[in-house]
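The values are calculated or read from the model by the stated rules, or taken from the named source; none is laboratory data. Remember, it's a predicted structure, so these values are computed and weren't measured experimentally. Cβ atoms come from the backbone with ideal geometry, glycine included; neighbour counts cover every protein chain shown.
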């Protein structure tokens, strides 16, 4: 059995692999950040609670231990369930992809 990364990929498949390094794997309920993968609760209430808690703690980023890094992570977790956060995440991913790998 061959892995998708082991075989030669077409142009569109290469783009798909590049954009999958940041986001959510909906089938496995996992948050993907580069090569790191973090499990999320299966229940919608649990994911929403974690996302809201991260966003609220992100606003207190000036305090020790808490940080402003919690704000984007909380929005990423919320993007699994909230359509507006999902749209913003996808727009950011498309913008970043175009900025990072310009066509031509």
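Tallying residues that are in contact with a strand residue (DSSP E or B) (Cβ under 7 Å, 6 or more places away or on another chain) and either in a helix (DSSP H, G or I) or farther than 16 Å from residue 25 by Cα (or both) within the stretch 47-88 yields 2.
Residue by residue, here is whether (1) farther than 17 Å from residue 40 by Cα; (2) surrounded by fewer than 16 Cβ atoms within 10 Å (Cβ to Cβ); (3) at pLDDT below 85 holds:
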residue	(1), (2), (3)
59	yes, yes, no
62	yes, yes, no
79	no, no, no
101	yes, yes, yes
